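Would you mind keeping the following structure in view while I ask a few things?
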Amino acid sequence: MTDKSVSFSVLDLAPIPQGSSAKEAFSHSLDLAQLAEKRGYHRYWLAEHHNMPGIASAATAVLIGHIADQTRTIRVGAGGIMLPNHAPLQVAEQFRVLEALHPGRIDLGVGRSLGFTAPVREALGVSEYDTDAFDRDIAAVRDFLHGRGPVTALPAVDDPPPMFVLATGRGLGVAARAGLPVVVGGPRLLADPTPLERYREAFRPDGADSEPYVVVSLEVAVAESTEAARELLVSEAWAMAESRETGA
């Protein structure tokens, strides 16, 4: 990766405002993706969340296909697929299908987050998931994507989608050991850049073109005034705090 310019992208949760519907949220997400493409944004990613009435992107791979079908050039992907909730073979199959339908435009970001609440974790069938399991699942997904698994993930594709690791804390070490790009939250970077320095130092290249690569995730509010933007951010912060307590 020799290009040192900064690319801008969008992370979407397909939010459902009060009084709206999932169908309207999907329509708004498509409008946003098409606008981002028109404005020259590089990627459009969707996030996986479960049992949250205000978020419509739970079936992330399905929604990626919908967005990719109706855009032409922007990369579309997951930010991310939570590996505790999925078998590595199924993840590889889903993203090979997406790649076959939209060659050269699909990204696969993976994370290790469990559901917010015990009922969600129980419904997903996983209550514990450690760093070793994350290491193993990343390696398994990668092997299946590249045709090195114990069985063949179909369909065949010329170039499998690139993988990214959504990292907080120990996830940076996982990404470094795997030689994969990493996605980190901006506030963590501002507070202490040391973990990123360690990621770069510990990075194990996977191929001649592999090198440390960091995607920074920032929450941005766009409004007609600073005050209106602050109101949007306060609303979002309140919703996040509420969801961590109630799962909704």
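Using a probe of 1.4 angstrom, how much of the accessible area of the stretch 132-248 is carbon and sulfur, in percent?
The nonpolar share, carbon plus sulfur, comes to 52 percent.
Output wanted: per-residue J couplings in Hz (rounded whole) for the stretch 29-44, from phi through Karplus 6.51 cos²θ - 1.76 cosθ + 1.60, θ = phi - 60°, x for Gly and Pro.
The phi angles translate into 5, 5, 4, 5, 4, 5, 5, 4, 4, 4, 8, x, 5, 8, 9, 9 Hz.
Pull up the DSSP beta bridges for the chain and report the antiparallel fraction as a percent, rounded to 5.
Of the beta bridges lying entirely in the chain, close to 5 percent run antiparallel.
Taking +1 at the Cβ of each Lys and Arg and -1 at the Cβ of each Asp and Glu, which of His66, Ala92, Phe144 sits farthest along the dipole of the stretch 64-154 towards its positive end, judged by Cα position relative to the Cα centre?
About the Cα centre, the residue reaching furthest to the positive side is His66.
Still on this structure: Quick query: amide H of Val183 versus all other amide H atoms, modeled in the peptide plane; which residues come in under 5 Å with a sequence gap of 5 or more or a different chain?
Here the answer is Val165, Leu166, Ala167, Val215, since their amide H atoms fall under 5 Å of that of Val183.
Oh, and also: Mind giving me the nanometre distance, one decimal, between the label points for Glu24 and Glu128, set 7 Å out from Cα along Cα→Cβ?
About 4.5 nm, to one decimal.
Here is a further query. Taking only Cα atoms, what is the 0 to 90° angle, nearest 10, from helix 60-69's long axis to the longest principal axis of the chain?
On a 0 to 90 degree scale, this one is about 80.
On to the next question. Which ³J(HN,Hα) values, rounded to whole Hz and listed in residue order, are derived for the stretch 135-150 from phi using the Karplus coefficients 6.51, -1.76 and 1.60 in 6.51 cos²θ - 1.76 cosθ + 1.60 with θ = phi - 60°, glycine and proline given as x?
4, 5, 5, 4, 4, 5, 4, 4, 4, 5, 4, 9, x, 10, x, x
Continuing with the same structure: Can you tell me, using C-alpha contacts under 8 Å and at least 6 residues apart, the relative contact order of the chain as a whole percent?
With pairs under 8 Å counted, the relative contact order is 15 percent.
Which value, in Å³ per residue, describes the convex hull spanned by the Cα atoms of the stretch 140-206?
Here the figure is 90 Å³ per residue.
To continue, here is another question. For Gly80, which sequence-distant residues (separation of 5 or more, or a different chain) have an amide H within less than 5 Å of its own amide H, given hydrogens modelled in the peptide plane?
Glu48
Run the dipole for the stretch 1-118 about the Cα centre, Lys and Arg Cβ at +1, Asp and Glu Cβ at -1, nothing else charged, and hand back the magnitude in debye, nearest 20.
For this selection, approximately 220 debye.
Taking 7 Å along the Cα-to-C-beta vector as the label spot, tell me the His42-Ala118 distance in nanometres, rounded to one decimal.
Once both label points are built, they end up 4.3 nm from each other.
Please go through the stretch 135-167 and write out the trypsin sites (Lys or Arg not before Pro) that DSSP classes as loop and that have at most 13 other C-beta atoms within 10 Å.
Within the stretch 135-167, the qualifying trypsin sites (Lys or Arg not before Pro) (loop, at most 13 other Cβ atoms within 10 Å) are Arg148.
While we're looking at this one, here's another question. Counting other Cβ atoms within 10 Å, keep those with at most 12, restrict to DSSP loop, and tell me which GluC sites (Glu not before Pro) in the stretch 119-209 are left.
Answer in residue order: Glu128.
Another question, then. In terms of the ratio Rg/(2.2 N^0.38 Å) built on C-alpha atoms, what value belongs to the stretch 77-219?
With N residues counted in the stretch 77-219, Rg over 2.2 N^0.38 Å equals 1.05.
Once the piece of chain linking Ser210 and Arg148 is laid out straight, how much longer is it, given 0.36 nm per residue of separation minus the C-alpha distance between them?
Additional length available on full extension: 20.5 nm.
Another question about this same structure. Report the trypsin sites (Lys or Arg not before Pro) located in the stretch 11-66 that are in a DSSP loop and have at most 11 other Cβ atoms inside 10 Å of their Cβ, or state none.
Loop-located and lightly packed - Arg39.
Taking amide H positions as placed in the peptide plane 1.01 Å from N, state which residues far from Trp45 in sequence (5 or more) or on other chains have amide H under 5 Å from it.
So Trp45 has HN proximity to Val10, Leu11, Asp12, Gly77.
Dipole of the chain, Cα-centred, from +1 at each Lys and Arg C-beta and -1 at each Asp and Glu C-beta, to the nearest 20 debye?
320 debye
Could you please tell me the mean projected area of the C-alpha convex hull for the chain, averaged over all directions and given in square nanometres to one decimal?
Projected over every direction and averaged, the Cα hull of the chain covers 14.3 nm².
With labels modelled as points extended 7 Å from the Cα through the Cβ direction, what inter-label distance (nm, one decimal) is found for Ala156 paired with Ala239?
4.5 nm
Additional query: Counting heavy atoms of the protein chains only and a 1.4 Å probe, report the per residue accessible area for the stretch 1-151 as a whole number of Å².
With all protein chains present, the stretch 1-151 gives 51 Å² per residue.
The values are calculated or read from the model by the stated rules, or taken from the named source; none is laboratory data. All figures in this text were calculated on a predicted structure; none of them were measured in a lab. Heads up, the Cβs are rebuilt from the backbone with ideal geometry, glycines too, and the neighbour counts pull from every protein chain shown. Accessible surface is based on the protein model in full, side chains and every heavy atom, while ligands, DNA and RNA are left aside. Shrake-Rupley method; radii C 1.70, N 1.55, O 1.52, S 1.80 Å.
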